[in-house]
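Asker: To start, I am sharing the structure in question, which I have written as structure tokens.
The values are calculated or read from the model by the stated rules, or taken from the named source; none is laboratory data. Fair warning: this is a prediction, and the values are worked out from it, not measured in the lab. Note: ideal-geometry Cβ built from the backbone for every residue, glycine included; neighbour counts use all protein chains shown. Keep in mind that these areas ignore ligands, DNA and RNA; they rest on the heavy atoms of the full protein, side chains included. Shrake-Rupley method; radii C 1.70, N 1.55, O 1.52, S 1.80 Å.
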Amino acid sequence: MYYQGKKFKETDPKTFKALGYNYFKDKNNVYYFGKIFEGADPKTFEVLGYSYSKDKNNVYYYKEKIEEADSETFEITISPYDRLNASHETKDKNHKYHYGKIITN
């Protein structure tokens, strides 16, 4: 498998698939911009959009783990009144987030 002209050496071609937004996975790893995304679980990893992704254990903003985010309840909601500008809110059972950071007020 290749990414931007460079060969993925670690991939399993039979299970390799593109997830969008420069994320890929196979049965062994998740990849982001052609490099192994350390700690991400390939079996449960999913791209949510707006630079967020998650697996069974963690929520990520780009490639950074959001420390207090609850993976099970984390979601992105789009305002029905602002679909053209794609305003969104991210939240879980404990917090709301903006750019991967907890909103405190």
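Asker: Six or more apart or on different chains, Cβ under 9 Å: which pairs go from a residue in the stretch 41-61 that's under 11 Å from residue 75 (Cα atoms) and among the acidic types (Asp, Glu) to one that's modelled with pLDDT of 95 or more and crowded, with 16+ Cβ neighbours inside 10 Å? Could you list them?
Answerer: Partner pairs satisfying both residue conditions: none exist.
Asker: With respect to residue 34, is the statement that it is closer than 20 Å to residue 2 by Cβ and either out of contact with any Cys (no Cβ under 6 Å at 6 or more places or on another chain) or open to solvent by 30 Å² or more (accessible area, probe 1.4 Å) (or both) true?
Answerer: For residue 34, the condition - closer than 20 Å to residue 2 by Cβ and either out of contact with any Cys (no Cβ under 6 Å at 6 or more places or on another chain) or open to solvent by 30 Å² or more (accessible area, probe 1.4 Å) (or both) - is met.
Let's see how each residue does on (1) over 11 Å from the mean Cα position of the chain (by Cα); (2) surrounded by 12 or more Cβ atoms within 10 Å (Cβ to Cβ); (3) in contact (Cβ under 8 Å) with a residue 12 or more places away in the chain:
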position	(1), (2), (3)
7	yes, no, no
16	yes, yes, yes
25	yes, yes, yes
39	yes, yes, yes
77	yes, no, yes
95	yes, yes, yes
105	yes, no, no
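Asker: Say we look at the stretch 41-51 and pick out the residues that are at pLDDT 95 or above and in a strand (DSSP E or B); which of these is most open to solvent (accessible area, probe 1.4 Å)? Steps first, please.
Answerer: Kept after step one, since they are at pLDDT 95 or above, are these residues of the stretch 41-51: 41-47.
Now narrow it down to the ones that are in a strand (DSSP E or B): 46-47.
Numbers: 46: 84, 47: 39 Å².
Within the stretch 41-51, the match that is most open to solvent (accessible area, probe 1.4 Å) is 46.
Asker: While we're here: Residues that are touching a strand residue (DSSP E or B) at 6+ places or on another chain (Cβ under 6 Å) and at pLDDT 95 or above: list the strands (runs of 3 or more DSSP E) wholly contained in the stretch 52-98 that include at least 1 such residues.
Answerer: Output list reads 52-54, 59-61.
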